[in-house]
Amino acid sequence: MSSTYSERTDNIYQYELNSIDGEKVSLEAFQGDVLLIVNTASECGYTRQYAGLQEIFDKYEEQGFKILGFPANNFGGQEPGSDEEIAVFCEVNFGVTFPLFSRISVKGEDQHPLFEMLTSVENPDFTGDIGWNFEKFLIDREGNLVRRFKSNVEPESEEMVSAIESLL
């Protein structure tokens, strides 16, 4: 086993990223919560999913559920704005109150290590590159990926809600 592999963990708590407001945030801050990590975009056909994401966040937040939104401009240039513009768009159009992070790359040569891990770790659904905006990664209270959902799975769908509820 190579030293690189042995140092890698398939747990999200090792990562530190910038919030959309520029603050450093260790994902360790979410230890003990059930998380839904989503790569987002403001000019996508799936952008309306912000409303469903906010709905399930509101419904389950008190039970220890958080959504972490990661704006990315990897697909069709559909997230061209600055962090400030993205934050305003999400608040004004969808009333987003769940944590958003600074725009990052979720695919390709400059892929952030968090998404490199999320797309490669084994799970019951699928592995490999993110195919489009609004893919969703469900994380258990120990920081492990337990489910992965394609973009077309609506946040408030029975499939998504039952997966979330099974972890709460």
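The values are calculated or read from the model by the stated rules, or taken from the named source; none is laboratory data. Note that the structure is predicted; figures quoted are calculated from it, not measured. For neighbour counting, all protein chains shown are included, and Cβ atoms are generated from backbone atoms with ideal geometry for every residue, glycine included.
Remarks
- Residue check: residue 156 meets all listed conditions (1) within 15 Å of residue 15 (Cα to Cα); (2) touching an Asp or Glu at 6+ places or on another chain (Cβ under 7 Å); (3) assigned to a loop (DSSP other than H, G, I, E, B) but one, namely (1).
- Entry remark, segment 110-122: residues being at pLDDT 95 or above and part of a loop (DSSP other than H, G, I, E, B) number 3 in total.
- Only one of the listed residues (32, 64) is farther than 18 Å from residue 106 by Cα, surrounded by 14 or more Cβ atoms within 10 Å (Cβ to Cβ) and in contact with a Gly (Cβ under 7 Å, 6 or more places away or on another chain). That residue is 64.
- One residue from 163, 87 being touching a residue at least 40 places away in the same chain (Cβ under 8 Å), among the small types (Gly, Ala, Ser) and over 19 Å from residue 15 (Cβ atoms): 87
- Checked against (1) under 15 Å from the mean Cα position of the chain (by Cα); (2) under 15 Å from residue 154 (Cβ atoms); (3) free of Cβ contacts under 8 Å to residues at least 60 places away in the same chain, residue 94 passes all but condition (1).
- Residues that are among the acidic types (Asp, Glu) and either in a helix (DSSP H, G or I) or surrounded by fewer than 19 Cβ atoms within 10 Å (Cβ to Cβ) (or both), drawn from segment 123-153: 125, 129, 140, 142
- Among the conditions (1) under 20 Å from residue 113 (Cα atoms); (2) in contact with a strand residue (DSSP E or B) (Cβ under 6 Å, 6 or more places away or on another chain); (3) among the small types (Gly, Ala, Ser), the only one that residue 128 does not satisfy is (2).
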